[in-house]
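Sharing a structure, written as structure tokens. Questions coming.
Since every read-out is calculated from the coordinates, none of them should be taken as a lab result. All values derive from a computational prediction rather than experimental measurement. A quick note on method: Cβ atoms are made from the backbone with ideal geometry, for glycine too, and the neighbour counts reach across all protein chains shown.
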Amino acid sequence: MGEVELLPREYGYVALVLVLYVVLNYWMAFKVGAARKKYKVYYPTMYAIESENKDAKLFNCVQRGHQNSLEIMPVFFMLMILGGIRYPIACAVLGSVYLVARFFYFTGYSSGVPEKRLKIGKFNFVAIQGLIVCTILTAISLLRA
């Protein structure tokens, strides 16, 4: 009996990029944990208050860089998973651009100067737009099949 191919072989690249994003997310979470210790912001406090902590802005920048990444993560995953059905290579490349840009977004934000997050980090928005296009084209091709 012959094998039925549900996904293109190249979809493996999509899976690898998604796993790399999970690794990046864990790294960011560890950085937030280290910032909690360094700036003395203890759980369950989400953000430091400037009137109570002289390092509030520094901690909040680290926290916000990670939080922003968590907020967009479901969108990124959904676009990668669905767009990659028909365009696995394009989605893997766009996902890789997104990963690198997200790294620089986080490190720029974590510097304590929020504007630095957009120097290279702004390219994560371009990658997301490309993933949206891939997903729309996948939907159209599925509807026409």
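Compute the separation of the alpha-carbon centres of region 43-119 and region 16-35 and state it in Å as a whole number.
Comparing the Cα centres of region 43-119 and region 16-35, I get a distance of 10 Å.
So if the hydrodynamic radius of region 34-87 is defined as the Kirkwood radius over C-alpha pairs, what does Stokes-Einstein give as its diffusion coefficient at 10 °C and 1.306 mPa s, in µm² per second?
On the way: Rh = 12.9 Å.
Roughly 123 µm²/s, to the nearest whole number.
Of K37, K116, how do they rank once you tally other Cβ atoms within 10 Å and put the fewest first?
Values: K37 9, K116 17.
Arranged by neighbour count, lowest to highest, K37, K116 become K37, K116.
Now for a different question. Please order S96, S141, S110 by the number of other Cβ within 10 Å, starting at the fewest. Working shown, then result.
Numbers: S96 16, S141 12, S110 23.
Placing the least packed residue first, the sequence is S141, S96, S110.
May I pose another question? Restricting things to alpha carbons, find the Rg to Rh ratio for the chain using the Kirkwood radius for Rh.
Numbers: Rg = 18.4 Å, Rh = 16.5 Å.
The Rg/Rh ratio comes out at 1.11.
With axes computed from alpha carbons, what is the tilt in degrees of helix 88-110 against the longest principal axis of the chain, rounded to the nearest 10 within 0 to 90?
0 degrees
While we're on this one: What distance in nm separates the simple spin-label points at L142 and A29, each placed 7 Å from Cα in the Cβ direction?
2.8 nm
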